[in-house]
Structures are given as structure tokens and as C-alpha cells.
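Notes to accompany the following structure.
The values are calculated or read from the model by the stated rules, or taken from the named source; none is laboratory data. Values in this document were obtained by computation on a predicted structure and should not be read as measured data. Here the Cβ is made from the backbone with ideal geometry for all residues, glycine too, and neighbour counts use every protein chain on show.
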Amino acid sequence: GENVEQHPSTLSVQEGDSAVIKCTYSDSASNYFPWYKQELGKRPQLIIDIRSNVGEKKDQRIAVTLNKTAKHFSLHITETQPEDSAVYFCAAVSSNDYKLSFGAGTTVTVRA
Amino acid sequence: DAGVTQSPTHLIKTRGQQVTLRCSPISGHKSVSWYQQVLGQGPQFIFQYYEKEERGRGNFPDRFSARQFPNYSSELNVNALLLGDSALYLCASSPRTYEQYFGPGTRLTVT
């Protein structure tokens, strides 16, 4: 099955700086890569996703890049704000089974 | 536009008991998936249903079962509860194959 690794596990940034989270996956059949933001005590919220036929996608201050050859994808948050503080999860979906395989999560803290 | 709803919000059960969790997907969504999230970890896939048929099952024991109803709502049943079953149980609905939107979850505590 799919194995998704996520780094770093914690990330502390100064407000206004950028944050980068990296993930790798193992299943070459994976073709959909969403990112979720989970605030304490709340549901995971889909914030951006990318499909395997696209190398980069941007939505305001967040962007995701995908390198299919290396089997890794990254989340970039620019101009971080205190409300960006949360746990971020990357995930991968294989065309073989359509289930979400999650990384272990990155706790992002934005210092004011 | 209502999102995914789950009930109950919280539940406390004793070891050996059985529990049923419920999920209503976003209107128009035909796929429902269940995930278990232990504190400090990412969600783990349990089941996926599409058009009332089981489409996938994760590495969980047979004590876990689920079903999807004609209105696309779903139930997750867990028998013979163990302390290790304590977790947040998340339901996600999907309009098509990939994008999944999560409900608020049911917090299950087994004592």
C-alpha cells in the first residue's frame, strides 16, 4: 500500500515569513495529492490539492508543487499569519483504491 | 449549504461494548469514507463506500463494519470495544473519486 512521509514534524516561523512542508510517497499509481489543515479540536479542512498531470498549483498565499519522478510534493505558505497556525497533513490517493493515505502531520506555529 | 454531519459528537463506552456512529454526506455526494484519528497522528483509512457498495477497506479488524444507505448516509459499527479504539472517528464525503470533505468527527472514549 501507499506510504506517505512528511517533514518536518514541527515548524516555527516568524509572522510574514514563508513555511515549507515536504512529503514523499511510495506508490507510483498515486495521482491525487491533497493538503489538509486541522486546527485544534476541529475537522481536517481541504486547503489545496494537485493532480499528477500538474506540476504546480497556487491559491493566494498557498502553493503546492509535485515532482512525480522523485515522488515528492511540497506545500508552500507565503506571508504567514497567526491564523495559519495549525497541523497540516499531506495525503496521497492511489488510482488503485481511492483511499486517502496521510502523512504524520506538521505542527506549524506562526510567531507574532 | 450544509457540510458533512456526524453524530454523536462525543461518546463514552466501556470495554466490550458496541458502538454505532452516523454520518450524513454533503447533498449530492455519493461516496462516504471513514477514518480513525488517534491523538497526535494522521487519520487512518477504515472504509470507503460508493453508491452503497464497499469500495475499500483498511487494515482494521473484523470488529469494524460499515454500511451505506439509499440516501447515502452511512453508519460505522465497532463491536467488542478495546481501550485502543479510543479516537476521533471522521467521516468524509466525496462528489467524485478524489476530493474528500470531512465532518466534525465523533470523539469515542473507551474506559
#### Entry: Qualifying residue in region A:52-59 (condition: under 30 Å from B:Arg57 (Cβ atoms), at pLDDT below 95 and among the polar types (S, T, N, Q))
yes
### Message
Only one of B:Gln6, B:Gln37, B:Gln17, B:Gln41 is closer than 12 Å to B:Leu76 by Cβ and either in contact with a strand residue (DSSP E or B) (Cβ under 9 Å, 6 or more places away or on another chain) or without any contact (Cβ under 8 Å) to a residue 12 or more places away in the chain (or both). Can you tell me which?
### Response
B:Gln6
### Query
Conditions: (1) assigned to a strand (DSSP E or B); (2) surrounded by 20 or more Cβ atoms within 10 Å (Cβ to Cβ). B:Gly56 meets all but one. Number of the miss?
(2)
### Task
Would you mind stating whether A:Leu46 is closer than 24 Å to B:Ala87 by Cβ, in contact with a strand residue (DSSP E or B) (Cβ under 8 Å, 6 or more places away or on another chain) and not small (Gly, Ala, Ser)?
yes
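Being at pLDDT 95 or above, buried (at least 21 other Cβ atoms within 10 Å of the Cβ) and in contact with a helix residue (DSSP H, G or I) (Cβ under 8 Å, 6 or more places away or on another chain): is that true of B:Val78 here? Write out each step before concluding.
Numbers: at pLDDT 95 or above: yes; buried (at least 21 other Cβ atoms within 10 Å of the Cβ): yes; in contact with a helix residue (DSSP H, G or I) (Cβ under 8 Å, 6 or more places away or on another chain): yes.
When the stated conditions are applied, B:Val78 passes them.
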### Query
When region A:26-57 is examined, which residues are found to be surrounded by 18 or more Cβ atoms within 10 Å (Cβ to Cβ), assigned to a loop (DSSP other than H, G, I, E, B) and either more than 12 Å from chain B (Cβ to nearest Cβ) or of a type in the set (A, V, I, L, M) (or both)?
A:Asp27
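Going by what's in this entry, would B:Val38 be described as under 26 Å from A:Thr106 (Cα atoms) and out of contact with any Phe, Trp or Tyr (no Cβ under 8 Å at 6 or more places or on another chain)? Give the steps one after another, and end with the answer.
Values: under 26 Å from A:Thr106 (Cα atoms): yes; out of contact with any Phe, Trp or Tyr (no Cβ under 8 Å at 6 or more places or on another chain): yes.
Yes: the conditions hold for B:Val38.
Looking at B:Tyr35, B:Tyr49, B:Tyr72, B:Tyr98, which is the one that is of a type in the set (Phe, Trp, Tyr), assigned to a strand (DSSP E or B) and either at pLDDT below 95 or over 10 Å from the mean Cα position of the chain (by Cα) (or both)?
Testing whether each residue is of a type in the set (Phe, Trp, Tyr), assigned to a strand (DSSP E or B) and either at pLDDT below 95 or over 10 Å from the mean Cα position of the chain (by Cα) (or both) leaves just B:Tyr49.
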### Tally, over region B:59-69, of residues that are more than 14 Å from chain A (Cβ to nearest Cβ) and outside any strand (DSSP E or B)
4
